[in-house]
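Visitor: Take this structure, written in structure tokens, and hold onto it; I'll ask about it next.
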Amino acid sequence: MAQLYGLTAAEARLCALLFRTGLLEATIEERAEGTRGAPPEKPLSTKAVLRIRRDADAALAEMGKRFTAAWKAGRSSAHVFTFESPAALFRVLTPKRWELVEQLQAVGPVSVRGLARALDRDVKRVHEDVGVLIEVGLIEKTARGEIRVPYAVIEADFALRAA
């Protein structure tokens, strides 16, 4: 359901927390009544933004605002993936995973085996990386079981500021 509203896994967990604390009136499932069953193939979203924010409280407040806007509009304008540090970003997006995302953007939807062949990597390792990237929300599985990057563009957004 989180993918339906363009939310990352972390944002979906935040939504669940907000619901449990009474800050939300309905769950995503209640909001999306009638959307059960296999979804049709979704078009590419415009963009995803990889963001590094050291201030966890500010990052949570920002996620809450994006969630509220997406909730009211029924969709998200951009998918934002927030990391607390460059190290956290690079734990998720290792060089091999970044290469995997680039290859997927170049070839479009493909099987894990086909992707492993294109990358000249072991299928098991590619499968592991695909699982991590699906969990984060940077790639997704299509209704046909292929994997793809659902974004036309992925941007990085971070600033280094003097103290």
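Visitor: For K141, which lysines qualify as cross-link partners when the Cα separation must be under 27 Å and same-chain residues fewer than eight apart are set aside?
Guide: K42, K47, K72, K96, K124
Visitor: Follow-up. What does the extension gain come out to for E128 and F90, with contour length at 0.36 nm per residue minus their alpha carbon separation?
Guide: The span from E128 to F90 would gain 12.1 nm if fully extended.
Visitor: Taking other Cβ within 10 Å of each residue's Cβ, how do V149, V49 sort, fewest first?
Guide: Exposure proxy ranking, most exposed first: V49, V149.
Visitor: Given points 7 Å out from each Cα along the Cα-Cβ axis, report the F158 to K72 separation in nanometres with one decimal.
Guide: Here the answer is 3.1 nm between the modelled labels.
Each value in this text was obtained by applying a stated rule to the coordinates, not by laboratory testing. These numbers come from a predicted model, not from an experiment. Please note: Cβ atoms are built from the backbone with ideal geometry, for glycine as well, and neighbour counts cover all protein chains shown.
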